[in-house]
Amino acid sequence: MSLKLKALLKSPWVFHLATGSCNNCDIETLDCLTPRFDIERFGILLAGSIKHADVLLVTGSCNRMSAERLKVLYEQVPKPCLVVGIGSCTGSRGLFIDSYNCPVPLDHIIPVDAYIPGCPPKPEAIIAGVVKLIDKVGKG
Amino acid sequence: MTRDQVLRDLQNRFGDDILDVFQKSPKRVYMGLKPRAIAWVGEYIFRELGARFNIATGTDTPEGIEILYHFTLEDLNLMLNLRVLLDRENPVIPSLGKSIEAVNWIERELMELLGITFDGHPDPRRLLLPDNWPDGVFPLRQDYTEWDDTAIRTRGV
């Protein structure tokens, strides 16, 4: 494993990005970061700027307006970076699959490393997803 | 004024413009209007009666394109819904956005999603749809069909 990736897994800084979600996934993500679940004790910290982030937490079904901004933001993340799709919308666009404003799923816009299904996923599921992702990357 | 006085006052002033009045409940009254009358009736309800403008909603119905302007008279606990029906081929209505600031954005939204032309709107730009959206395609019309060849509509399983 490269030194960069090893350093990344020690304390991944996450950037939270909502691409037109209904905000339930955002609330659950926020629950993970606040004292009850407190994933900061594992070194996971919410970054204020995309240029400080190692992991991109994406929620929502990627509409036409936000897809362009998503691409621009993905270009600004320092590489290597990991992308996590939270919620059913990022996986399959959920019930918005036939919407005029959601033409393609998330993985046709940027590469995605892990999906956390659920509508919305519980904070436990989000933590489990992050742990699985770290394990996967750690094993190479 | 009481609820009945308000309704009688509107009937006296704009009797020619009001097509029908439907009192759904003590809190809610629907009022059918001629499309061009919305300019002065809406302004009268907002300025003189002191109503609050909640929102306007548009629907593509079999009879034509319908807009509901929702006004609330909070002192009377009364919701006035002004209903106008527009021709589907040529939906044109005078704009309320030049006299009531809050109507500005919802009219822009109705314009791009349902293809209604608001005559005299101060800022007729798109609000929600992206710039590469084709002209003349209105997503909330009943006859909307997919125009984007690159769109994927399967879940891939």
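Sort out which residues of the stretch B:118-145 are touching a Ser or Thr at 6+ places or on another chain (Cβ under 9 Å), more than 11 Å from every other protein chain (Cβ to nearest Cβ) and open to solvent by 40 Å² or more (accessible area, probe 1.4 Å), and write them in order of number.
Within the stretch B:118-145, B:Asp119, B:Gly120, B:Pro122, B:Pro124, B:Gln142 meet the criteria.
Any idea how many residues of the stretch A:14-35 are under 27 Å from A:Asn101 (Cβ atoms), aliphatic (A, V, I, L, M) and open to solvent by less than 60 Å² (accessible area, probe 1.4 Å)?
Residues meeting the conditions: 3.
Scan the stretch B:28-45 and tell me whether some residue there is without any contact (Cβ under 8 Å) to a residue 40 or more places away in the chain, touching a Ser or Thr at 6+ places or on another chain (Cβ under 8 Å) and among the aliphatic types (A, V, I, L, M).
no
How many residues does the stretch B:1-22 contain that are open to solvent by 100 Å² or more (accessible area, probe 1.4 Å) and touching a strand residue (DSSP E or B) at 6+ places or on another chain (Cβ under 8 Å)?
Adding up the residues that qualify gives 2.
Please find, within the stretch A:87-107, the residue that is nearest to the other protein chains (Cβ to nearest Cβ) out of those that are farther than 20 Å from B:Leu128 by Cβ and polar (S, T, N, Q).
Ranking the qualifying residues of the stretch A:87-107, first place goes to A:Ser92.
One line per residue, one yes/no per condition, for (1) in a loop (DSSP other than H, G, I, E, B); (2) open to solvent by less than 60 Å² (accessible area, probe 1.4 Å):
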residue	(1), (2)
B:Gly50	yes, yes
B:Asn54	no, yes
B:Thr59	no, no
B:Ile65	no, yes
B:Leu76	yes, yes
B:Leu85	no, no
B:Ser99	yes, yes
B:Leu113	no, yes
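Could you grab me the full set of residues in the stretch A:55-88 that are open to solvent by 30 Å² or more (accessible area, probe 1.4 Å), farther than 27 Å from A:Leu9 by Cβ and of a type in the set (A, V, I, L, M, F, W, C)?
Residue satisfying the conditions is A:Met65 alone.
The values are calculated or read from the model by the stated rules, or taken from the named source; none is laboratory data. In this text, all values refer to a predicted model and were calculated from it rather than measured experimentally. All Cβ positions, even for glycine, are placed from backbone atoms using ideal geometry, and neighbour counts span all protein chains on display. Ligands, DNA and RNA are stripped out before the accessible areas are found, and what is left, the full protein with its side chains, is counted by its heavy atoms. Shrake-Rupley method; radii C 1.70, N 1.55, O 1.52, S 1.80 Å.
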